[in-house]
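Below is one structure; the comments refer to it alone.
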Amino acid sequence: MQLTKEQRTFIVEKYFQAKSFQQVIQSFQEYFPERQSPTKMTIWRNVTRYRTEGTSLNLNKGRSGRKRTSERSEENVRIVQGALTENPQISARKSGFDVTKSTFNRIITLNYNFEPTS
């Protein structure tokens, strides 16, 4: 289970005060009796993250997973806009141009507030 913001802050503050893993673990057990105490590695990672990034929070939230390619380019937006001008009922599969279905649907949803149809 992940540490809360309060618990991460507590760990970093106690480490900078005590400079001892054992004292941090003991203080953590006293302050958060319902929670299993952190390991030395957990303490070290939180302190290191604080020193390098200025925060001990989980910065990977929202950054995980496969990164999108930039297919929603100006050129692709113009292509989709032209197709929608000619035929507002056009589908991504039947459009006939080189834009993926997901890019087509993302463009009409984000740029034109249309809802894609299946």
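The values are calculated or read from the model by the stated rules, or taken from the named source; none is laboratory data. For clarity, every value in this text was computed on a predicted model and none was experimentally measured. Just the protein is used for accessible areas: all its heavy atoms, side chains included, with ligands, DNA and RNA removed. Shrake-Rupley method; radii C 1.70, N 1.55, O 1.52, S 1.80 Å.
Before moving on, here are some points about what is shown:
- Residues in region 15-62 that are open to solvent by 60 Å² or more (accessible area, probe 1.4 Å) and of a type in the set (D, E, K, R): Lys19, Glu30, Glu34, Lys40, Arg45, Arg49, Arg51, Glu53, Lys61.
- Flag for Gln89 being open to solvent by 70 Å² or more (accessible area, probe 1.4 Å) and either at pLDDT 90 or above or outside any loop (DSSP other than H, G, I, E, B) (or both): no
- Boolean, Lys94 is over 28 Å from the mean Cα position of the chain (by Cα), basic (Lys, Arg) and modelled with pLDDT under 80: yes
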